[in-house]
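Heads up: the structure comes next, in structure tokens.
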């Protein structure tokens with residue numbers, strides 16, 4: 001199992017980070033997402049917990 005640290009910043013494409021985190025977790029990788037404060041305003045950190 002590969003461990004992945006996913007850094008997420010605020011942008012219009014933040015939904016792609018959610019999709020990437022989900023696909024990595026489904027493939028069996030350990031995923032930890034780190035969101036900037038602005039990214040956490042756009043997407044709930046709990047969403048990344050649920051996806052991974």
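The values are calculated or read from the model by the stated rules, or taken from the named source; none is laboratory data. Source: prediction; values computed, not measured. FYI the Cβ positions are ideal-geometry reconstructions off the backbone, even for glycines, and counts take in every protein chain you see.
Can you tell me how many residues within the range 8-27 are under 11 Å from residue 43 (Cα atoms) and either in a helix (DSSP H, G or I) or touching a strand residue (DSSP E or B) at 6+ places or on another chain (Cβ under 6 Å) (or both)?
5
Looking at residue 11 and the list (1) surrounded by 11 or more Cβ atoms within 10 Å (Cβ to Cβ); (2) at pLDDT 95 or above, which single condition is not satisfied?
All conditions are met except number (2).
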